[in-house]
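A.B. asks: Following this message is one structure expressed as structure tokens.
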Amino acid sequence: MEWPSSGAALTTTFTVSTAAWVSPNPGALRYTIGYVARGFGRSTTDIVLSTGAATTVATTLPANATRDGVASDARVFVVADDRGATTRLEATVRVSAVSGQAASAAAATALTAALALGDVVMRATAAVTAAASLNSAGVAAASDAAELSRRRSIRAGAMGAVADAADVAVAAIAGTIEPEVLTSYVTSIAAVSAVAGEMDKATARRGVNATRALVSAPASGPADLATLDAATSTCGAALEVVSIEIARNASNVTSSSSNASSVGMAEARRRKLLEDPMSCSPRRRKLLESASGASAAAAAAADADADDDDAPVYDPVVALALSTAVAITRAAVRGQAANETASEMSQAFIGVRAERIFPKDLRPGLRAFSAPGRNAAEYFIPARLASFVYRDAHVDVFTYRISGSTLPSATRMMSDGSALELLNDDGVYPALPPGYDEVMTVHVPMSGIPMKPLERVLYEYRCARHEAGKWVVDDPQRRWWTESVEEERPGQGHVVCKGKGGVFLGYVVGLVIAPIDFTVDESLRESATTINIYWYVIGGVAAFAMMYAMIGLCCGMRRSHVKVTGDDYLDKS
């Protein structure tokens, strides 16, 4: 290979050229030429510039970190494919980075030039390079709102270009998608999504949508792990965008509710609860009477939020990311044999594990299934449920973990969300017979801010299931419930959740803080009335008995005069 020695980011045109590689099969060599860009978090991703018989590519490059962490270098690679036998060579190119607002200006100029290109593939490649230049470790974070707006505009434009090209590629698929095409577009989208703070939700949604279409496209075999990891990082970046928005909104609410008027409203609610004799039990009334000041206001405000029927619904971007994660698991096991491999893709905001196993390996007591990440729930498969897939050639087990910060609830979230899918060799859920009610156990680890002493009196940890975008804690049919709370120390431990039948299959399960129900219901009120009548009867009987005893005593103690004569004391013998 021939490499240029040095240049400037986004301005110098580098020419990557392969030497005369010789193959025993004339004309069989295919080349993949590209560079390594910084991806989401600390990951890296390959950006493909050219795939096919072309041996020379001319392009500009961003400044990115090399293996030794140098910020002003770029890694360029060439992969030669000779009928399935591949060879990869890399080289380091010195690329001087542009810092500060000059980096945004250079990226904006490069993006404008890229969008002017006529070919949709070349347009996407150049646009990704423009956005990837902002991923460099040498580029500082946006210093003000104007700079942040410019960077969001750049990433939005680049995402639109690469998503358009991906849509064209998916629409042009005649049979199955080529692995090179899948990898090229998925990793390009991941590079544009590398900095979640510089994206808006519309950009994140466009990237996740395109990624889902790519990994869902028909393919002859499983996608490689690097491609799936890049797809997962795009979902993770979208979830971080949502998490940032939720945290910002919560911060605004907290700051506004800390003023005197909000505290006064909370105190007014506390007094209203105390004025209604039937609103709460004596225990809760005593707690509300003893609470005062900010603690009482905070408790009443939290109670008001918990009683609100309009429970918050998770963002559509979160639903889209979960749907894409499902497509990623399918792509990971596509065409594989049982126990051939297990794929794990883990980011800070999402974790996915996909494995195809023999049905015998599903038997209870052998293992617990969980997604990657220490906050993922553990699922224990019951015996009868495992037996329903024993007749199949294999069973697919997919586990998911999603950050609790992206799953809003009426009260504080105390865990990440977890989900389990169990599919037989036909790709559908096991057929559960009517009336099947065997219990599945799930251990959900605690996370988040532990409850304060006052909260522990008013609230408790409860297992919840996501339905239609909302957390559902109380199941009228008693299909799932909170079995026990095993807290090692405040906020650390796990909660044991149990559910009948397949109630947990395919649903997100989590842990929330729910208010303890202190309300006196109708049955208790009737019991109280019965007890009062009982005491009235007992009191009446006691009063009547005492009156009768007094009358008898008076009648039995009447005085009688006895005359005693002297003869009674004489000895008459």
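A.B. asks: Rounded to the nearest 0.05, what FRET efficiency do Lys452 and Ala383 have when you use their Cβ-Cβ distance and R0 = 51 Å?
C.D. replies: Numbers: r = 41 Å, r/R0 = 0.81.
The pair Lys452/Ala383 has a calculated efficiency of 0.80.
A.B. asks: Also, quick follow-up: Please compute the length gained on full extension between Ala542 and Trp481, using 0.36 nm multiplied by the number of residues separating them and subtracting their Cα-Cα distance. Let's see the in-between values first.
C.D. replies: Details: separation 61, 0.36 × 61 = 21.96 nm, distance 4.77 nm.
Gain on stretching Ala542 to Trp481: 17.2 nm.
A.B. asks: Based on Cβ point charges of +1 for Lys and Arg and -1 for Asp and Glu, what charge dipole magnitude is obtained for region 458-505 about its Cα centre, in debye rounded to the nearest 20? Walk me through the numbers on the way to the answer.
C.D. replies: Details: 8 positive and 8 negative charges, 51 e Å.
So the dipole magnitude of region 458-505 works out to roughly 240 debye.
A.B. asks: Separate question: Taking the simple approach of a point 7 Å from Cα along Cα-to-Cβ for both Ala549 and Ser323, what is their distance in nm?
C.D. replies: According to this spin-label approximation, the distance is 8.1 nm.
A.B. asks: Enumerate the amide H contacts of Glu483 below 5 Å, restricted to partners 5 or more residues apart or on another chain; note that Pro and chain-start residues carry no placed amide H.
C.D. replies: Answer set, sorted by chain and number: Val496, Cys497, Lys498.
A.B. asks: Okay, moving on. More than 16 angstrom separation, counting every C-alpha pair in region 85-185; what % is that? Before the final figure, lay out each step's value.
C.D. replies: On the way: 3168 of 5050 pairs.
Here the tail beyond 16 Å accounts for 63 percent of pairs.
A.B. asks: Determine which residues of region 388-408 fall in the zone a paramagnetic label at Asn339 would reach in this model, i.e. backbone nitrogen under 14 Å from the point 7 Å along Cα→Cβ.
C.D. replies: Counting backbone N atoms under 14 Å from the label point, the list is 393-395.
A.B. asks: Okay, moving on. Which order do Thr112, Thr56, Thr234, Thr32 take by accessible area at a 1.4 Å probe, largest first?
C.D. replies: Per-residue accessible area, sorted high to low, gives Thr112, Thr56, Thr32, Thr234.
A.B. asks: Moving on. Just how far, in whole angstrom, is region 175-220 from region 44-62 if you go by their alpha carbon centroids?
C.D. replies: Going from one Cα centre to the other spans 18 Å.
A.B. asks: Let me ask you something else. Express in nm, to one decimal, how much length is gained between Ala250 and Thr11 on full extension, taking 0.36 nm for each residue of separation and deducting their alpha carbon distance.
C.D. replies: Working: separation 239, 0.36 × 239 = 86.04 nm, distance 4.25 nm.
That pair, Ala250 and Thr11, stretches by 81.8 nm at full extension.
A.B. asks: Evaluate E = 1/(1 + (r/R0)^6) for Thr112 and Ala91, where r is the Cβ-Cβ distance and R0 equals 22 Å; express this FRET efficiency to the nearest 0.05. Intermediate results must be reported in sequence, preceding the final value.
C.D. replies: Working: r = 30 Å, r/R0 = 1.35.
For R0 = 22 Å, the calculated efficiency reads 0.15.
A.B. asks: Oh, and also: By how many nm would the segment from Ala348 to Asp437 grow when fully extended, if each residue of separation counts as 0.36 nm and the alpha-carbon distance is taken off?
C.D. replies: Details: separation 89, 0.36 × 89 = 32.04 nm, distance 3.52 nm.
Residue separation times 0.36 nm, minus the Cα-Cα distance, leaves 28.5 nm.
A.B. asks: Would you please give the residues with an amide H less than 5 Å from that of Met414, counting only those at least 5 places away or on a separate chain, with H modeled from the backbone geometry?
C.D. replies: For Met414, the qualifying residues are Leu511, Val512, Ile513.
A.B. asks: OK, next. For region 172-241, what's the radius of gyration and Dmax over Cα atoms, in angstrom?
C.D. replies: Computed over the Cα atoms of region 172-241, radius of gyration and Dmax are 12.1, 38 Å.
A.B. asks: I want to check the label-to-label distance for Val313 and Ser143. Put each point 7 Å from Cα in the C-beta direction and report it in nm to one decimal.
C.D. replies: Modelled inter-label distance: 4.3 nm.
A.B. asks: Oh, and also: Whole number please: convex hull volume per residue of the Cα set in region 344-483, in Å³? Working shown, then result.
C.D. replies: Working: hull volume 18.7 nm³, N = 140.
Dividing the Cα hull volume of region 344-483 by its residues yields 133 Å³.
A.B. asks: Determine the alpha carbon to alpha carbon distance for each of Lys201/Lys498; Lys201/Lys452; Lys470/Lys498; Lys201/Lys500; Lys360/Lys470 and list only those over 26 Å. Don't skip to the end; give the middle numbers.
C.D. replies: Values: Lys201/Lys498 36 Å; Lys201/Lys452 34 Å; Lys470/Lys498 19 Å; Lys201/Lys500 37 Å; Lys360/Lys470 36 Å.
The pairs that break the limit, which is 26 Å between Cα atoms, are Lys201/Lys498; Lys201/Lys452; Lys201/Lys500; Lys360/Lys470.
A.B. asks: Please turn the phi angles of region 173-185 into ³J(HN,Hα) values with the Karplus equation 6.51 cos²θ - 1.76 cosθ + 1.60 (θ = phi - 60°), one per residue in order, whole Hz, x for glycine and proline.
C.D. replies: Along region 173-185, the couplings run 5, 8, x, 10, 6, 6, x, 5, 5, 4, 5, 4, 6 Hz.
A.B. asks: Classify region 327-375: rounded, prolate or oblate, from the alpha-carbon gyration tensor (a ≥ b ≥ c, eigenvalue square roots; a/c under 1.5 rounded; otherwise prolate if a/b is larger than b/c)? Could you put the intermediate results ahead of the total?
C.D. replies: Working: a/c = 3.01, a/b = 1.21, b/c = 2.49.
Verdict is oblate for region 327-375.
The values are calculated or read from the model by the stated rules, or taken from the named source; none is laboratory data. All values derive from a computational prediction rather than experimental measurement. As a convention, Cβ positions derive from the backbone with ideal geometry for all residues, glycine included, and neighbour counts pool all protein chains shown. Keep in mind that these areas ignore ligands, DNA and RNA; they rest on the heavy atoms of the full protein, side chains included. Shrake-Rupley method; radii C 1.70, N 1.55, O 1.52, S 1.80 Å.
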